[in-house]
Structures are given as C-alpha cells and as structure tokens.
2 protein chains.
Amino acid sequence: MTDPIEVFVPAHVTAFFSVHRATDPAQTGSRGVGLALSDGIRVTSTPADTTRVTLDGDETTIDAVERVTDTFDVAAHIQLDSDVPLGAGFGVSGAMALGTAFGLNVISDHDRTENQLVRLAHVAEVEAGTGLGDVVAQHRGGIPIRVEPGAPEYGVLDGIPGGPRVEYLALGELSTEAVLSGDVERLNRAGSTALERLRAEPTLDRLMDESHRFATATELLPPDIQGIIDDVADAGGTAAMAMLGQTVFTLGRGLTDAGYSPAIATIDHGGVRYPDGDGSVFYSVGDDP
Amino acid sequence: MTDPIEVFVPAHVTAFFSVHRATDPAQTGSRGVGLALSDGIRVTSTPADTTRVTLDGDETTIDAVERVTDTFDVAAHIQLDSDVPLGAGFGVSGAMALGTAFGLNVISDHDRTENQLVRLAHVAEVEAGTGLGDVVAQHRGGIPIRVEPGAPEYGVLDGIPGGPRVEYLALGELSTEAVLSGDVERLNRAGSTALERLRAEPTLDRLMDESHRFATATELLPPDIQGIIDDVADAGGTAAMAMLGQTVFTLGRGLTDAGYSPAIATIDHGGVRYPDGDGSVFYSVGDDP
C-alpha cells in the first residue's frame, strides 16, 4: 500500500457550547450544537520515510495531528488542504486530526473501527487544547447536537433534521486555547440554557435565535462582528458568531440580504469519508463492470 | 407548507445479525453489520385531504409506513420510489418508515430531532414485524455495526471505515416475518459469533468472510443462491446473502468476475437526507448569492 489516501472531513461551525472537563480526555468534551459544512478539509496521507505535515504545501506543525501520527507505527507525509481558514471557528484542527486518523488507518493495518478512530482524534484534540466537540460532530455530519460530551463510548449525539443553505464571513482568528483556559462559567451557563431551549424546540429558527443569544450573552463578540450581526438583523435575518473564531454565519440568505458577499455552503450529511476510495482491494467503482 | 418534501434513504443490506427482543419495541432490535448503499428509496410527502400511500404510482399498504403516518396529525400523500426490490433484503420497509417520518416532520410542525424520528420509524418497523436493525443503520449510513440493539437512546453503533464498490444480484423475496417469527436460536448463535470475530478484526475482508460463514451456518441459503456464491468463490471472490432476501452481494468485482451482470452501487455515507431541501425558509442553495 503506497498510494496516497485522501480523506474529506466537513468543517464544523459551533453555534453554542458548554465545557465539560474530566480527568480522562475521552470523557472531556462539550455539549452544544453546530453545523457540518459542505466546505471542509482534505487530508492526504502518503507512506514516507519520515513523518511530516504540510498545509497548502508549506511545512507546518499541528499539535493535534502530531498526537495522532504518534499513535500509528507508520511514517507518512500528511498533506492538509482546507476550504476554510484555521482558527476562525470551523473546527479545522479537529478535522485535520480526524482525517489523519482515518488516512493512517488505511496505510497501516486498516483494522480500526470508526469509533476507535474518532476517539483517537478526539483525545488528540482535547490534549492539544484546541477543541472539545468538533471531532464527534464532524464524524456525524448534518446539524449535530452534542447531548452528552466526549468520545463515542461516552458522548451522546442527536441532530436537527434539515439541510439549509449556510452563509459565512470569516474575518480572522480567535484563540480557542485562550478562551477555553479562561473563566468559562458565564459561557457554560449561557451554553446550557441555549441547549435546554433548543432541545425543547428543536427547529432551525430556535437554533439561530439561541446562537445569537449565546454570542451576545458570553460577551465574546468583537465590535466588528457585532456590527455585521446587527446589519443582518436590520435586513430581517438572524446571524451569529462561530465559536470560536471571528466568523459570522447565517442560514439562508441573511448575509447576502444585508449586502455582504459571504461564502456559501450547504450542510454536509456524509461526515468523514474517502472521496477517491479507501485503497482496499474491494474499491473499484470507476471500473467498467 | 404545501410543497412536496422528498427524502432519500439508503438501502441497507444486512450481512449478518442476531435478534434481541424486549417488551419495549424501542429496546428490541438486532446486533450485526450491514452496508448502506448509494441505491435507495425516495419518499415524497405531500399534504393532502386524506392519507394514502403509493409505490411506483400504485396504491399500496405498508404496515410500518401506516404506523408512522398514524403518529402525525397531518394527512399526506406518501409516494414511494425504490431503486431496489421489496422483500429482497434491502431494508426497504424500514427505509420507507424512516423517509415517511422525516417527510411528515417537515410538513407538520418540523420540531422533532433526528433521534426522535429514528425511534419512531424503528418502533413502527419492529411492531410491523418487518425488520429489527435497518432503520438505525440507514440513518447512520456507511458500513454500520449494530453493537447494541434498539432505537438511538438504547442502541450503540460503530462502523467499518471505507467505501468499497458493492455488487448485488436480487433474485426474489424471502419473508423476514416468517424467519423472525421462527426458531432464531441457531441464527443468534451464528450472528453473535460473527460479530465477535468482526469486532476483533474490523476489516472489509473479515466482514465478507463472516457474512459468507453466517449465510452458510444458518442454512437460510436457497440452492440457487448457494450456486452463485460458489461461482464467486471459484472466481476468487467472496459473496454472501443479504439478510433476509434472495439477494447475493459482493464487495469489489466478485459477481462480475464470476460472469454475472450485477447491479453496481457504492457505500452511502450520508444516511437520511432531503436532496431538494427541507422546505424551510432557510433553504435556498440554488439561489444566486
């Protein structure tokens, strides 16, 4: 097995969340809700003499990815390509860890289950301090509700049915590590209330209302983000901030109607997958019958 | 809301299983493994004065679907279209129940979560006696392992990573109701052993070996199905029977290599979804920005 293996992982915009820490990183995580996007991250793993990681062609170091590569006994070149910016609230580091786990599984012994690979990436992301809930959500796809936190053996997921158009504007970074290592009490109160309300009325309207309320209540909104959210409200829509990044998102045409030129995506229901096949002897869809 | 809502649900071929009954139909189900296929079932729900169900244009009655429509307080015309035959081991009745639940949710109050809709369809299918594990697998997509039986709040799912080519030949029906209401002890022993072995070595090779072994050990194989499976083995492949139907399936090119002209599909990772949108005010991907 020396062919490159490409893995697609959807970007994940967290709308609101609360933090749940435990001694075991697999039991650590977040509750909340988010959107898995048709825009995402491609991770290509190729067997190599030494392990190295490149992002859009440049050598890089990503803690969560390194923690994943360390657990496999194969060396590989991990190529990362992203439709969305890093550090802007799209769960890119989690996606990279997850895509690396699914890729290295193929080029090593190809003998782990999805839950084992999701757990591995979740733990790597938690230990790196760069995220708490993106990995499990990205694996599920859709509009995942993280009902209980943690890796698959502990976490409980649900979902809001639907596949709306999503618009987003990414303005810049916000350090997840800084926010998560700070005082999270206010954030947890706001996140728990939002989740309770959404579960009582699990609709897309309620999702956007609670997302907007959470962003306001947690006082995480930079002034320029607040300005855009206000513009969308003035145009009759509801926008919120991606947690955690300087990114505004709406469902439908909220940003467009307010005069912005956002990126446009849909909801991705597929979660993690191998778009060009998993390299197994069984894969040959493109062959003539 | 009077527009028709289309829901796609992947067909699900069960490779092997064991039966687990409980007083509560939500806790009743099966353990085992199967394949969610890119071929599937489309369920179109349109508000109407009285509820009626049509399959490929003809009026019909499907117990699991009726049990779902009975729980909603809207009347609708449910149009069913299937890429695969009924009663041949593709989980069509489960898919129809699931697609009906997701469709009626949209044209009624649009306020249930995915787990609630999956539970509803699972219970309908169990009570109708037409299936035990297809609904939860079809919702997940991919190559789902049913680790623990039952609806989302009870069941535990995992998956084999990968997206191989799947070939299948559907020869005819086999009554799920007749087999499930008969003596299932031998079947349960064979299914439990197969699952144990697959979980110890969760690979596609092991999946096919255990599927083939299960089909043989349960003595459910009609002679013509056995003949095709032998032909595939002679050509160097591994085939098995879809549980429960007179359908032979292989991964890769097994049936083609043995000289047959099978239907060809891939693995569907998306599970249940609305290909043309969910009719919400937020849906307008096709619009110009």
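Counting Cα-Cα pairs of the protein assembly as shown in 20 Å increments starting at 0 gives whole-percent bin shares of 22, 54, 23, 1. Considering only alpha-carbon pairs that sit under 8 angstrom and 6 or more positions apart, the relative contact order computed for chain A is 26 percent. The packing ranking of peptides B:48-57, B:248-257, highest mean first, is B:248-257, B:48-57, where packing means the average number of other beta carbon atoms within 10 angstrom of each residue.
Its alpha carbons give the stretch B:86-194 an Rg and a Dmax of 15.0, 45 Å. In sequence order, the stretch A:66-71 has phi-based couplings of 4, 5, 6, 4, 4, 8 Hz under the Karplus curve 6.51 cos²θ - 1.76 cosθ + 1.60, θ = phi - 60°, and Gly or Pro positions carry x.
Ordering of A:78-84, A:237-243, B:225-231 by packing is A:237-243, A:78-84, B:225-231, highest average first (other Cβ atoms within 10 Å, averaged per residue). Measuring nothing but alpha carbons in the stretch A:1-145 and taking Rh as the Kirkwood radius, the Rg to Rh ratio lands at 0.95. Counting, for every residue in B:272-279, the Cβ atoms of other protein chains within 10 Å of its Cβ and taking the mean gives 4. Shielding of peptide B:161-172 by partners, expressed as the average count of other chain Cβ atoms within 10 Å per residue Cβ, is 5. What the Cα convex hull of the stretch B:184-241 gives, in volume per residue, is 61 Å³. Under 5 Å between amide hydrogens, built in the peptide plane, is the criterion, and for A:Ala76 it picks out A:Ala48, A:Thr51, A:Arg52 among residues at least 5 positions away or on other chains. Under the rule of -39500 (n - 2.57) per DSSP H run of 4 or more residues, summed and divided by the residues of chain B, what mean residue ellipticity at 222 nm is obtained, to the nearest 500 deg cm²/dmol? One gets -10000 deg cm²/dmol as the mean residue ellipticity at 222 nm.
Qualifying GluC sites (Glu not before Pro) in the stretch A:192-276, where qualification requires a DSSP coil assignment and no more than 14 other C-beta atoms within 10 Å, comprise A:Glu219.
Across peptide B:100-109, the mean count of Cβ atoms from other chains lying within 10 Å of each residue's own Cβ comes to 1.
Coupling constants for the stretch B:157-165 follow from the phi torsions by the Karplus curve (6.51 cos²θ - 1.76 cosθ + 1.60, θ = phi - 60°), and in residue order they are 10, 9, x, 8, x, x, x, x, 5 Hz; glycine and proline get x. The fewest-to-most ranking of A:His110, A:His269, A:His122 by surrounding Cβ atoms within 10 Å reads A:His110, A:His269, A:His122. Note on the stretch A:130-241: the C-alpha convex hull projects to 7.6 nm² when averaged across all orientations.
Across the stretch A:93-144, the volume of the C-alpha convex hull divided among the residues equals 68 Å³ per residue.
Working from Cα pairs under 8 Å separated by at least six residues, relative contact order for the stretch A:147-289 is 32 percent. Convex hull of alpha carbon positions in the stretch B:1-53: directionally averaged projected area 6.0 nm².
Computed from phi, the 3J(HN,Hα) profile of the stretch B:37-42 under the Karplus parametrisation 6.51, -1.76, 1.60 (θ = phi - 60°) reads 9, 5, 6, x, 10, 10 Hz, with x in place of Gly and Pro.
Chain A residue nearest the rotation axis toward B, with distance: A:Gly270, 2 (Cβ to axis, whole Å). Expressed in Å, the radius of gyration and Dmax of the Cα atoms of chain A are 18.6, 60. Long hydrophobic helices in chain A, taken as whole DSSP H segments with a C-alpha length of 20 Å or more on their own axis and mean Kyte-Doolittle hydropathy at least -1.0: A:92-107, A:114-128, A:185-200.
Contact order, relative form, for the stretch B:22-87: 43 percent (alpha carbon pairs under 8 Å, 6 or more residues apart, mean separation divided by residue count).
Values in this text are rule-based calculations from the coordinates and carry no lab data. Fair warning: this is a prediction, and the values are worked out from it, not measured in the lab. Because the Cβ atoms are built from the backbone with ideal geometry, glycine has one as well, and the counts that use them run over all protein chains shown.
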